[in-house]
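The values are calculated or read from the model by the stated rules, or taken from the named source; none is laboratory data. What you are looking at is a predicted structure, and each value in this text was computed from that prediction instead of being measured. Quick note on the areas: whole protein, heavy atoms, side chains included, nothing else; ligands and nucleic acids left out. Shrake-Rupley method; radii C 1.70, N 1.55, O 1.52, S 1.80 Å.
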Amino acid sequence: MGNRALPDWCVELSTAQGVEAKAETQLWGLLSVKQLKHLVAGGVAGAVSRTCVSPLERMKILYQVQVERHQEHRRFRGILPSLVQIGREEGLRGYFKGNGTNVVRIMPYLAVQFAAYEEFKKLLHIPADPRQQRPLRRLCAGAMAGITSVTATYPLDLVRTRLSVQGEGSDRKYKNIRHAFRTILREEGGVWSGCLYRGLFPTILGIAPYVGLNFAIYESLKGHVLSRLLSVDDQRDQVVVD
């Protein structure tokens, strides 16, 4: 899924809030008001962070699709020279090519991952207090949430990649997100051919442990910090009483 560090951090922050007590007011019988606020905040934060790192994401993809074996024959060499070259050849828009799809993808990706993690925590009977949680169960819940979210949004990720690596002028095959979807479905076999999910299995193999470890480590550190803070508060109260 590309550079995931910042968006995943947003998921972790929203998850940290999601383990708190739910608000009584329910929306459509599915989400509490507090959960909805966390989902929206996480999605917006993910979109902003993705836009900020879009130039580096574009450069990373261009590096990945270079097939020349010898470095002197490669079009892009070095981080700063590559960024300058993209700006000189494609202008400011070149840094954000495919970012619209990225933003459209990352917002539901974060929402699905957050909601799925909370549901899997319920299924695995993981307590809300991180100090009482077991690392293995957190790891499993996070891994399953990662699989769910990446599967739900993978077509957008595939289209984003196609938009990012295409050339300019006569080499430009896709005009926008909608045109890319239509072209891929028309030329590569239609909806039931699985053309929108090519490369999904290797992605799942990478995303499952990645998201699982993210949630597991985050919740573990949160429980540790919470225990230390409560311990300090108890010591202060004891001093006051004495």
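Key figures
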item	result
Distance violations [Cα-Cα > 29 Å] among 60/173; 97/122; 122/222	97/122
Spatial separation of Cα centroids for region 164-233 and region 91-127, in angstrom	8
Residue-normalised accessible area of region 151-228, given per residue in Å² at a 1.4 Å probe	57
Tensor-based shape of region 78-172 (alpha-carbon gyration tensor, a/c under 1.5 rounded, otherwise prolate or oblate)	prolate
Karplus-derived 3J(HN,Hα), 6.51/-1.76/1.60, for each residue of region 47-60, Hz, glycine and proline x	5, 5, 5, 4, 5, 5, 9, 4, x, 5, 5, 5, 5, 4
Heavy-atom accessible surface of region 104-179: percent carbon and sulfur, 1.4 Å	61
Nearest-10 value in Å² for the accessible area of residue 80, using the 1.4 Å probe	120
For region 109-126, Karplus couplings with θ = phi - 60° (6.51, -1.76, 1.60), whole Hz, Gly/Pro x	4, 5, 5, 5, 5, 4, 4, 5, 4, 5, 5, 5, 5, 5, 5, 8, 6, 8
